[in-house]
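Written below as structure tokens is the structure these notes are about.
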Amino acid sequence: MNRWLAIAPLAALVALGLLFGLFSLKRDPQVKPDALVGKQLPDLVLPTLDTGRPIRLLDAAAPAPVLVNIFASW
């Protein structure tokens, strides 16, 4: 009985590894499901970091890509 208790964690680890491997082999690595891909930007007015003046997100994104860092400290 003690021998089975020693082997059980190893068997569980192998089973989880097999399940992970099977699920990862079925997924296409090129597909990244994202809720906002292909959607229009929301019309937000956000302050800039350097001056703090408000700027519309749609106006800022017109000439080039824009990185919007949304940080939440809970």
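Bear in mind that the values in this text are calculations on the coordinates, not laboratory data. Predicted model only: the values in this text are computed from it and were never measured. Here the Cβ positions follow ideal geometry from the backbone for every residue, glycine too, while neighbour counts run over all protein chains shown.
Of the residues making up region 17-57, those that are surrounded by 10 or more Cβ atoms within 10 Å (Cβ to Cβ) and either touching a Ser or Thr at 6+ places or on another chain (Cβ under 6 Å) or of a type in the set (F, W, Y) (or both) are F20, I55.
The listed residues are A72, A60, A11, and the only one of them that is surrounded by fewer than 10 Cβ atoms within 10 Å (Cβ to Cβ), at negative phi and not hydroxyl-bearing (S, T, Y) turns out to be A72. So which of D50, D43 is free of Cβ contacts under 8 Å to residues at least 12 places away in the same chain and more than 22 Å from the chain's Cα centre (by Cα)? Within the list D50, D43, the selection yields D50.
The number of residues in region 3-48 being over 30 Å from V68 (Cα atoms) and of a type in the set (K, R) comes to 2.
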